[in-house]
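What follows is one structure encoded as structure tokens, with my remarks underneath.
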Amino acid sequence: MFSLKKLPILILILITISSCSNKDFSRESFNGDLCLSEEEYNDFIDEIVMDVQTQTADEIYWVLTEEAVYSPQITETNSPIPTLTLTSSPEPTLTLTSTPEPTALHSPGDTVQCADMWEIVADNPLSFGTVYTNKLPKGEYGQIYFLLTNLQNKTASLNMYSDSLELVGFIAEDEVVFDSTGLAPSIQERSEGIVFWTEDIPPLIQVRAQAVFDVNPDASNWRLRLIADDCLIEVPLYPSD
């Protein structure tokens with residue numbers, strides 16, 4: 001079968017043949033050249049053309065086939081997709097702190113201790129007398145005088161913001177609670193030695209303290225409740241006249 005690699009040799013032969021005399025085609029050699037008849041020349045050309053076409057198609061097929069087989073394959077590689085892992089923060093622990101239970105209910109005038117820190121004696125009923133202030137109450141001002149002792153070994157005080165002094169009453173069997181106001185004793189009361197319930201008290205000293213509440217006068221069965229640190233005490237008050 002004809003090979004394209006021999007094409008330069010073929011071209012040289014054709015040029016050689018074409019150099020023969022155009023009018024005299026013979027098998028004789030002129031100056032070493034090969035001369036053919038016109039008919040032989042045409043058959044020779046047709047055969048060469050057919051071989052070239054066939055060989056060209058075959059070589060193109062094999063070139064394409066070899067490239068398809070041996071050409072390096074480009075393999076598309078995908079980087080692994082990162083996995084998104086959702087981590088939830090630990091649920092916060094909700095710690096419920098309940099108000100400590102009050103100690104056993106006492107009688108009016110009893111001495112009641114709040115842990116080893118404070119001691120209270122409510123020796124007076126709730127009074128609805130005059131309170132010296134220019135601030136009008138929403139209900140009615142009621143004030144209580146009680147004995148307060150610092151049981152600690154250093155000067156200390158109850159705090160209006162961290163501790164709580166409340167007046168508890170009942171209306172139709174429902175408990176109602178009133179917070180202490182910031183009204184301090186009058187000048188006259190201070191001259192009698194009465195102090196505001198949040199003042200500093202030396203260790204092991206007992207004072208007469210005063211607290212004022214804005215209350216509903218329809219309540220009854222009054223109790224004084226002290227919540228300080230980890231203790232809670234309730235002290236019943238004497239009935240009002």
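Read the figures in this text as sums done on the coordinates, not as results from a lab. Everything numeric here is computed off the predicted structure, so don't read it as measured data. Neighbour counts are summed over all protein chains in view; Cβ atoms, including those assigned to glycine, are modelled from backbone coordinates with ideal geometry.
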- Placing +1 on each Lys and Arg Cβ and -1 on each Asp and Glu Cβ in region 192-241, then taking the dipole about the Cα centre, the residue among CYS231, THR198, ASN221 whose Cα reaches farthest towards the positive end is ASN221
- Note on the structure: Length gained, ASN42-LEU147, 0.36 nm per residue minus C-alpha separation, equals 23.4 nm
- Please give the length that would be gained between PHE170 and SER240 if that part of the chain were fully extended, namely 0.36 nm times their separation in residues minus their C-alpha to C-alpha distance (nm, one decimal). 23.8 nm
- When the Karplus curve 6.51 cos²θ - 1.76 cosθ + 1.60 is applied with θ = phi - 60°, which whole-Hz ³J(HN,Hα) does each residue of region 111-124 get, with x for Gly and Pro? 8, 10, 9, 9, 6, 10, 10, 9, 9, 10, 10, 8, 9, 9
- Gain in length, TYR161 to THR130, computed as 0.36 nm per residue apart minus the alpha-carbon separation, to one decimal in nm? 8.6 nm
- Query: Measuring from the lowest to the highest alpha carbon on each principal axis, how far does region 111-236 reach, largest first, in angstroms?
  - Reply: 42, 34, 25
- For SER107 and SER220, what does the FRET efficiency come to when R0 = 25 Å and r is the distance between their Cβ atoms, rounded to the nearest 0.05? 0.90
- Message: Counting only other residues whose beta carbon sits under 14 Å from that of ILE120, what net charge do I get with K and R as +1, D and E as -1?
- Response: -4
- Message: Just to check I understand the Karplus step: with θ = phi - 60° and J = 6.51 cos²θ - 1.76 cosθ + 1.60, what whole-Hz values come out for region 216-223, glycine and proline as x?
- Response: 8, x, 6, 6, 8, 6, 6, 9
- Task: Could you list which residues have their amide H under 5 Å from that of ALA211, counting only those 5 or more apart in sequence or on another chain, with H placed in the peptide plane?
- Result: ILE144
- Work through the residues other than LYS138 whose Cβ is under 14 Å from its Cβ and net out their charges, Lys, Arg +1 and Asp, Glu -1. -3
